[in-house]
Every structure is written in C-alpha cells, then in structure tokens.
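Structure first, then comments.
What follows is calculated from the coordinates using simple rules that are stated; it is not laboratory data. Since the structure is predicted, the reported quantities are computational estimates derived from the model, not experimental observations. Cβ: placed from backbone, ideal geometry, glycine included. Neighbour counts: every protein chain shown.
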Amino acid sequence: MDGSGDTVPRPLDECGPDTDWGDLQELRTTTVLSPSMVDELRRLEPLEGESPDLLEAVACCLRLHESMLLTIAVDGWVWPITLHPQLRLYRAPVDWLRAPPSGLWGARLVACEPPPFPPPLLAAQRRRTLPPCHYPLAGLIWSLALLGPRNGLLRALAEGERFRALARADDAVLPRLPGALGSALARLLVAPAAFETICRWPGLDAVRAARLLNGLYLEGRLVTEAGPLDRSAEESAWSDTQPSRWPAHETLATPRGQRLRHWLSH
C-alpha cells in the first residue's frame, strides 16, 4: 500500500459527523481547493443535507484538470480516491475496473479535498510500471458511469443534439462493453445519433444510453454535432448485430454546416 494510509477504506461509522457533506455549512473540505473548483462544486447545488452528485464532481475535476481527493461512501465503507486527470491516473486501494466494490449504485460523495501527496512520476519517467496503488483513470470513469448512482445524462450533455464517439490509440484502456452497449459504441464510432435515437436501439433504454454517453464524455471521447443531419452517415451499411465493415479508427468528414464540439478535449 505504499506505506501510507490514504488508500485504506474505513468503516463509515468511524469517520464521525464531520465527513457528512450536509453538515459542512461552509464546505470546509473544499476551501483549500482552487477557487475555480470550489465554484464548480457549488454550482452543482445539492439538495439540503445531501452531497453533490458524485459523477458531476468527477466531471468538474476532469474539466479543470485538477488533482483531487474524493472521499466516497459505498455500502458502509469510505473509500479515498485520488484523481490525477493530467496523468490519466487515479490512486485507490484497488482498481475499480477489475474489482468494483459492491453497492456502487448507492455511492455518494462525502468530501472533496486537495490530494495528500503530490502526483506520481510521469509514466515516461517510470518506464513500464505504474506507481503503487495507481491505475488508469479510465477504469474508474467507466466503473462509476456504468455501475454508479447516476441514471441520467450529465448536465454538460443535456442540450446536445447528436453524439458521436471518437476512436483513440489507447482504446485498450476502454473496457469491453457488454452486449448492446458494445454494439451502440460501434455505431457511434461510425455515425452520430440523437439521444432519443440511441435510447431506441436494441437492448438500450434511457438509462443505459445515458450511462454510455456519460462514460464516453468523461473519457474525452464524445463529440456533439449540431446543424443539418447528414443522412449518408446515418444510412451506413451497418446492422444492429454485426460490426461495421470499415475500420473504427477512420473518422468521418464533417458535413458542411455542422458544428462540432469535443468534450473534455486534452
């Protein structure tokens, strides 16, 4: 465990009342974060006595590229999770992609704080090995997006007209999405689609579609399009059960009149 206690989960009842976000009238755990981060967290406007939405807080951290320690309550335990967006790493007791804690659907944010330790050495400096207790950030993102408490689209995606997925060279980090989610991802790599359309794809509904788009957004792989719909892209030689005949890494030309926005570009 790298000789420190910041990666050890603790029983929630041992943490005391100060870790309850609803008891922090001035958000004392966020006062030493950057002013931009504190403003972002305050804009989440949690209900009285509740903590800000966990996935929205992660999105704030990624947008601002600011390292942050999240204290997350899951099934009676408190997990310290440190995000390092600039390094695309997170520090935790275990890799949540390989061993997600039970009850993740009920996870809630307890506190946000600056990380207790500086970011680890860059991957290029460490050659082939990751620092102890550090894992690719994509694993945490997809665990929270697919298994976490949020069932709807993130606020940043609420007004998107159509969505398209981007392929990247590090696709090996992306988990193998099961069944209909994998099929939907392959379709989005080929052509954009509106949220209502994605919800009607085989095996999907509003919840599963939102979770897929949230994961792509947090990983910086989602593009929104606005303007006239390109019917040629929509009518591809693609079926609901067979992969596309074209390589996924080929990008589509942007039709005239369309506007693109790459979320969380880095």
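Fewest Cβ neighbours within 10 Å first, please rank F117, F195 accordingly.
Values: F117 13, F195 17.
So the ranking, lowest neighbour count to highest, is F117, F195.
Kindly identify region 40-115 as rounded, prolate or oblate by the Cα gyration tensor criterion: order the square roots of the eigenvalues as a ≥ b ≥ c, call it rounded if a/c is under 1.5, otherwise compare a/b with b/c, prolate if a/b is larger, else oblate. Write out the running numbers ahead of the final one.
On the way: a/c = 1.93, a/b = 1.05, b/c = 1.85.
Oblate is the answer for region 40-115, as a/c is 1.5 or above yet b/c matches or exceeds a/b.
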Residues whose placed amide H lies under 5 Å from that of W96, excluding near-sequence neighbours: none
